[in-house]
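Structure first, then comments.
Each reported figure results from applying straightforward, stated rules to the coordinates on display, with no laboratory input. Computed from a predicted model, the values in this text were never measured in an experiment. Ideal geometry is used to build each Cβ from the backbone, glycine not excepted, and the neighbour counts take in all protein chains shown.
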Amino acid sequence: MKLFYSPGACSLSPHIVALEAGIPLQLEKVDLGAKRTEGSQDFWQVNPKGYVPALLLDNGELLTEGPAIVQYLADLKPQSGLAPANGTLPRYRQQESLGYINSELHKTYSPLFNPATPAEVRQERKDYLRRRYAPLDAVLAKQDWLLGDQFTAADAYLFTVTNWARMVDLDLSEFPALMAFQKRVAARPKVKEAMLAEGLMQAA
């Protein structure tokens with residue numbers, strides 16, 4: 001399988017999940033501005049949506065959308081514990097978390113990366129993000145991971161998205177449990193491996 005990614009983008013989440021699950025992936029970097037892959041392909045021809053992540057399956061099909069990709073990868077290795085079993089309440093809790101991160105956090109960051117976004121809109125989006133982080137901080141104050149005592153794909157997604165805060169000058173210091181969570185995830189060996197592979201950190 002091949003994962004089309006852009007360093008530090010939301011594609012970091014499936015990259016982490018694949019490494020945590022022990023699933024070998026071929027990586028192909030995408031220049032999202034030029035819409036060209038590392039191998040000089042027109043990325044529009046790879047993924048008509050024009051964004052990452054995109055996972056090229058061994059049968060030639062393309063799977064897109066991060067929440068779908070991470071669940072697919074986790075289900076390939078159920079023993080990894082990265083996704084609860086289908087049909088169980090914990091599975092729906094994970095889908096609940098992935099949906100919340102996707103709609104309430106991920107998309108809210110988008111205008112903050114656009115230099116043309118007016119200052120008042122930028123401030124409104126930051127305030128909105130802080131309100132949406134509050135319930136997550138409350139959960140993480142009681143347990144290490146979003147679903148309890150097991151690191152899952154939802155944690156990989158939250159970590160990835162929350163890493164963007166420093167890029168857009170969003171101060172999240174009012175959420176100590178969230179900040180501790182970010183440190184816990186960053187310390188995981190497979191997370192370090194993913195970040196090193198994407199050039200997001202230097203080797204020790």
Worksheet item: At a Förster radius of 25 Å, what calculated FRET efficiency corresponds to the Cβ-Cβ distance of SER110 and THR88, to the nearest 0.05?
Response: 0.15
Worksheet entry | Table column - 3J(HN,Hα) (Hz), region 106-121, Karplus curve with 6.51, -1.76, 1.60, x for Gly and Pro | 3, 5, 6, 5, 3, x, 6, 8, 9, x, 7, 5, x, 4, 5, 5
Worksheet item: Rounded to the nearest 500, what is the chain's calculated 222 nm mean residue ellipticity when only DSSP H runs of at least 4 contribute -39500 (n - 2.57) each, over all residues?
Response: -13500 deg cm²/dmol
Worksheet entry | FRET efficiency, 1/(1 + (r/R0)^6) with R0 35 Å, evaluated for LEU27 and ASP144 via beta carbons | 0.75
Response to the item:
Taking a ≥ b ≥ c as the square roots of the eigenvalues of the Cα gyration tensor, with a/c under 1.5 meaning rounded and otherwise prolate when a/b exceeds b/c and oblate if not, region 50-127 is oblate
Discussion item. Tell me the relative contact order for region 89-188 as a rounded percent, counting alpha carbon contacts under 8 Å between residues six or more apart.
Written reply: 31
Worksheet entry | Global geometry of region 18-168, whether rounded, prolate or oblate, following the gyration tensor of its Cα atoms and the 1.5 cut on a/c | oblate
Practice prompt. With r as the distance between the Cβ atoms of GLN95 and LEU62 and R0 = 30 Å, compute the FRET efficiency 1/(1 + (r/R0)^6) and round to 0.05.
Written response: 0.90
Discussion item. Apply the a/c threshold of 1.5 to the C-alpha gyration tensor of region 89-188 and tell me whether it is rounded, prolate or oblate.
Written reply: prolate
Worksheet entry | Anchor LYS192: lysines whose Cα lies under 22 Å away (excluding residues fewer than 8 positions away in-chain) | LYS2, LYS29, LYS77, LYS183
Worksheet item: Quick one: which of 176-183, 70-77, 18-25 comes out on top by average Cβ neighbours within 10 Å, and what's the full order, highest first?
Response: 70-77, 18-25, 176-183
